[in-house]
């Protein structure tokens, strides 16, 4: 069953919904008539890793850079995939939109991908600088947070390294021991 669902998801072409579409579309109507199904933790993990792979490739491909938004929500229902751009509104974080959008769309699972900044601190060190995006020690990162309708979660955090025009991700899990605490902030892409 799990592999059948996975093959259907991989076989479906994602539909991109831009910020400008919000005026023209009623998002929940995209899902009318589509059955809701439970998604296993295995499917969510694979879906989250696929979104991570797509994000990395989009950052290294000039044609995809403009298509794949800096902060977005990848939504799956009935093995069909939509990618919604989310932006900050009136000074609010894009993440404040995630729960209302998820409740309205009621997907089987979704992944939020956000470009962000992080600062790694030593054990028991208190963060005092202020806004992470202004900190001279900040590092660029990607946060990928996957959820199912049943509340299963899978989160990934990648450090972003840019060299010679290419982007490389390093999984934060591979950095254990280098920092005991990590301070992360999601930024509006305009702040970058």
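Give the residues of the range 128-139 that are touching a residue at least 40 places away in the same chain (Cβ under 8 Å) and crowded, with 17+ Cβ neighbours inside 10 Å, sorted by residue number.
Within the range 128-139, just 132 meets the criteria.
Considering each residue of the range 87-114, count those that are in contact (Cβ under 8 Å) with a residue 40 or more places away in the chain and either over 12 Å from the mean Cα position of the chain (by Cα) or crowded, with 22+ Cβ neighbours inside 10 Å (or both), and give that number.
16
Checking residue 19 against (1) under 18 Å from the mean Cα position of the chain (by Cα); (2) at pLDDT 70 or above, which test does it fail?
For residue 19, the failing item is (2).
Which of the residues belonging to the range 106-151 are under 28 Å from residue 77 (Cα atoms), assigned to a loop (DSSP other than H, G, I, E, B) and touching a strand residue (DSSP E or B) at 6+ places or on another chain (Cβ under 8 Å)?
Passing the criteria: 106, 107, 108, 149.
Please count how many residues of the range 40-74 are surrounded by 15 or more Cβ atoms within 10 Å (Cβ to Cβ) and farther than 14 Å from residue 144 by Cβ.
Of the residues in that region, 2 qualify.
Only one of 152, 163 is touching a helix residue (DSSP H, G or I) at 6+ places or on another chain (Cβ under 8 Å), at pLDDT 80 or above and closer than 30 Å to residue 46 by Cβ; which?
One residue alone meets the criteria, 152.
Modelled with pLDDT under 80 and either over 16 Å from the mean Cα position of the chain (by Cα) or assigned to a helix (DSSP H, G or I) (or both): which single residue out of 29, 58 fits that description?
Sole residue among the options that is modelled with pLDDT under 80 and either over 16 Å from the mean Cα position of the chain (by Cα) or assigned to a helix (DSSP H, G or I) (or both): 29.
From the set of residues in the range 146-156 that are surrounded by fewer than 19 Cβ atoms within 10 Å (Cβ to Cβ) and under 19 Å from residue 71 (Cα atoms), which is nearest to the chain's Cα centre (by Cα)?
155
The values are calculated or read from the model by the stated rules, or taken from the named source; none is laboratory data. What you are looking at is a predicted structure, and each value in this text was computed from that prediction instead of being measured. With ideal geometry, Cβ positions are generated from the backbone for all residues, glycine too; neighbour counts draw on all protein chains shown.
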